[in-house]
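Every number here is computed from the coordinates shown, using simple stated rules; none is lab data. For clarity, every value in this text was computed on a predicted model and none was experimentally measured. Positions of Cβ are generated from backbone atoms using ideal geometry, with glycine treated the same way; all protein chains shown enter the neighbour counts.
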Amino acid sequence: MKQFFQTAARQSYLRAAVTVLFIVCLLVPLAGFAQSDAARSVEGKVYGAQSVPQSSAVVYLQDSKTNNIKSFISTQDGSYRFGQLSPDVDYQLWAEYKGKKSDKKTISSFNSKKQLFIDLHLKD
């Protein structure tokens with residue numbers, strides 16, 4: 001009788017282990033799929049005259065779906081960064097400083113890169 005319970009316990013344990021393994025095998029591909037929709041980021045530098053990095057320039061990022069605009073003031077070395085960008089939205093990016101403005105750059109939703117590097121050059 002004791003041997004019967006040991007065998008039944010082993011079978012129960014084996015069923016539980018197989019069930020857990022099956023569930024893990026189902027969830028692993030889903031985790032990879034969820035990462036494919038991860039947010040993007042864009043960063044770069046703002047340059048002024050003679051390609052000198054421009055601090056205190058205002059960098060604008062406009063969402064094409066909602067027309068909301070985020071802004072960032074470039075750091076001392078001219079750097080800026082926007083994170084948590086939706087991969088399903090197009091964006092317009094430009095910089096301004098004391099009446100000077102860069103060309104607008106488009107960030108397309110068709111660009112699958114998760115991290116984008118875009119430098120902006122101010123024009124007179």
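Just rank F110, F72, fewest to most, by other beta-carbon atoms within 10 angstrom. It would help to have the intermediate numbers written out before the result.
Values: F110 7, F72 17.
So the ranking, lowest neighbour count to highest, is F110, F72.
Quick check: residue separation of K123 and D103 times 0.36 nm, minus the Cα distance between them. What number comes out in nm? Each step should come with its number before you reach the end.
Values: separation 20, 0.36 × 20 = 7.20 nm, distance 0.79 nm.
Residue separation times 0.36 nm, minus the Cα-Cα distance, leaves 6.4 nm.
Work out the length of the dipole vector of segment 50-124 about its Cα centre, built from +1 on the beta-carbon of each Lys and Arg and -1 on the beta-carbon of each Asp and Glu, and round it to the nearest 20 debye.
With Lys and Arg at +1 and Asp and Glu at -1, about 20 debye.
Where both partners of a DSSP beta bridge lie in segment 40-123, what percent of those bridges are antiparallel, to the nearest 5? It would help to have the intermediate numbers written out before the result.
Values: 24 of 29 bridges.
Restricted to segment 40-123, the bridges split so that about 85 percent are antiparallel.
Using the Cβ atoms and a cut-off under 15 Å, what net charge is assigned to the surroundings of I69, where Lys and Arg are +1 and Asp and Glu are -1? Intermediate results must be reported in sequence, preceding the final value.
Working: positive: K65, K70, K101, K104, K105; negative: D63, D90, E96.
Summing Lys/Arg as +1 and Asp/Glu as -1 gives +2.
In 10 Å bins starting at 0, how do the alpha-carbon pair distances of segment 40-123 split up by percent?
20, 53, 24, 3
Where in segment 83-98 does the label zone of K65 land, with the point 7 angstrom along Cα→C-beta and an amide N cut-off under 12 Å?
Residues 85-91 fall inside that zone.
For K45, list the aspartates and glutamates whose Cα falls under 16 Å from its own Cα; do not include residues on the same chain fewer than 8 positions away.
D77, E96, D103, D119
What is the order of T66, T75, fewest Cβ neighbours within 10 Å to most? Kindly include the intermediate steps, with their values, before the conclusion.
Details: T66 8, T75 15.
Least crowded to most crowded, the residues run T66, T75.
Taking neighbour counts of Cβ atoms within 10 Å as a proxy for exposure, in what order, fewest first, do K45, K105 appear? Walk me through the numbers on the way to the answer.
Numbers: K45 21, K105 17.
In increasing order of surrounding Cβ atoms, one gets K105, K45.
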